[in-house]
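First the structure, in the form of structure tokens, and then the observations on it.
The values are calculated or read from the model by the stated rules, or taken from the named source; none is laboratory data. Computed from a predicted structure; not experimentally measured. Using ideal geometry, Cβ is built from the backbone for each residue, glycine included, and neighbour counts are taken over all protein chains shown.
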Amino acid sequence: MVPRWNFLSNHMRVLMCIARDPEIRLRDMAASLSITERSAYGIVNDLTSAGFVVKERTGRRNRYQIRAELPFPEAVEAHPRLGDVLEVLAGVEPSA
């Protein structure tokens, strides 16, 4: 039986999508994560409001930049940077 929950929150999964493709469209992000576009939009807004993601409008598209230098918000010990955690989880180093 497959569990009906995820180890990673949707916020982290959205960050991983952005780390892999900073120009990803919300529609594509939502489809790849099996969430609604409205949920993806809300999560991106949460992340930008918290300062973890910077959103830049380029023509008709958005480009996202992860503030990889920020400390990971739930770090218990050594206070890893957000970029360090994303590098391990997403397999790419997000641009700072």
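Which of the residues spanning region 36-67 are at pLDDT below 95 and β-branched (Val, Ile, Thr)?
Passing the criteria: Thr58, Ile66.
Mind listing just one residue for me: the one in region 1-35 that is in contact with a helix residue (DSSP H, G or I) (Cβ under 6 Å, 6 or more places away or on another chain) and small (Gly, Ala, Ser) and, of those, surrounded by the fewest Cβ atoms within 10 Å (Cβ to Cβ)?
Step by step, filter region 1-35, then rank; the result is Ala30.
Collect the residues in region 45-61 that are farther than 16 Å from Ala90 by Cβ and within 14 Å of the chain's Cα centre (by Cα), keeping them in residue-number order. Steps first, please.
Filtering region 45-61 down to residues farther than 16 Å from Ala90 by Cβ leaves 45-46, 48-51, 54-61.
Hits for region 45-61 are Asn45, Asp46, Thr48, Ser49, Ala50, Gly51, Val54, Lys55.
Does Ala30 satisfy being small (Gly, Ala, Ser), at pLDDT 95 or above and assigned to a helix (DSSP H, G or I)? Full working, then the answer.
Values: small (Gly, Ala, Ser): yes; at pLDDT 95 or above: yes; assigned to a helix (DSSP H, G or I): yes.
The answer is yes for Ala30.
Which of the residues belonging to region 36-45 are in contact (Cβ under 8 Å) with a residue 12 or more places away in the chain and either surrounded by fewer than 17 Cβ atoms within 10 Å (Cβ to Cβ) or hydroxyl-bearing (Ser, Thr, Tyr) (or both)?
First, pick out the residues of region 36-45 that are in contact (Cβ under 8 Å) with a residue 12 or more places away in the chain: 39-41, 43-44.
Across region 36-45, the qualifying residues are Ser39, Tyr41.
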